[in-house]
Structures are given as structure tokens and as C-alpha cells.
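Shown next, in C-alpha cells, is the structure this report addresses.
Readers should treat all values here as calculations from the given coordinates under stated rules, not as data from a laboratory. It should be emphasised that the depicted structure is a prediction, and the values quoted were computed from it without experimental measurement. Counting neighbours? That spans all protein chains shown, and the Cβs are built from the backbone with ideal geometry, glycine included.
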Amino acid sequence: MKKDIKILLVTLFIFQSFACMHMKKLRQYRDIYTSEFKLEYLERFLTLTYNNSPEIKSILLEDKSGYTEPILSPQDLFFIQSIAQKDADFIKKDSIASMGTRAEGAEGKQILFFLMKKIEDRKLEKIARKRFKITKKDPHYNSLLL
């Protein structure tokens, strides 16, 4: 009887250890995914709002931020592009609407202010985490967790 209880306890301990290791790996992957999602959004948003300028392209080419292996799926990239495009369109409309309504010198695009607000309100983080929940169900990308 005592031997059975010991075997059961050891088995439960081993199972719990594997479960904890898997959860830790899942959290690490989620954090990497979220970071890559936000970085990809930032790059696409800057490219769009600065009209694909050579200066922005040069900065982005020189920058080595990000993960070296592909983390985001093609669907993720399409989704990020749509969010960045929507926000870039908002910036363009806001810029036009600001003409004559803001103080001289404050008219026009306020790209960096928009980005700062987007980072502060953590909406992009929440979107990335929701998207991660969808992506981790994909068998191809789920294999990265093994």
C-alpha cells in the first residue's frame, strides 16, 4: 500500500514537472511572438506613414531588432499589414483634418505621438496576444512549441 502511494506521488510529481516545463516554454514563445508582432507592426506602420521613403527603408534595413527565425505566419503578416494600413489611413485623415485647427507647426502628421499612444494603451499587446491564441492552434506553428 505504501509502495503504491509512493509510486503515485512520484508519477504525479513527474507529470507536474513536465506540465510546468511546457507552460514555461509556451509563455516564452508567446512573449517572443508578441514582441515580433509589435515589431512587425511598427516597421510596416512607419513604412506606410512615411510613404515608403528611402530613409525609413535604410533605417529598417540597418536595424537588427527581432528574432532571426520566422515566428509569424503569412496570415499574421497579412493581419498586421491590415492593422498598419488602417492606422496609416487614420493618420492621413487626421493630418488633413488638422489643417487650420491646430497651432502653426503642429499641423500635419503626428506619427510618433500616435505610436507613443498606441504603445501606452497596450492595445497592440492585447491584439498580439489574441492573435497568438489563434496561431498556436495551427498545427504547423504548434510544432515550434515541441
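Neighbours of Ile71 by Cβ distance under 13 Å: Lys/Arg scored +1, Asp/Glu scored -1, total -2.
Listed peptides 116-128, 76-88, 54-66 appear in the order 76-88, 116-128, 54-66 once ranked by packing, highest mean of other Cβ atoms within 10 Å at the front.
Computed from phi, the 3J(HN,Hα) profile of segment 34-47 under the Karplus parametrisation 6.51, -1.76, 1.60 (θ = phi - 60°) reads 4, 4, 5, 4, 5, 5, 4, 4, 4, 4, 5, 4, 4, 4 Hz, with x in place of Gly and Pro.
If the chain linking Glu120 and Ser82 were pulled fully straight, counting 0.36 nm for each residue of separation and taking away their Cα-Cα distance, it would gain 11.6 nm.
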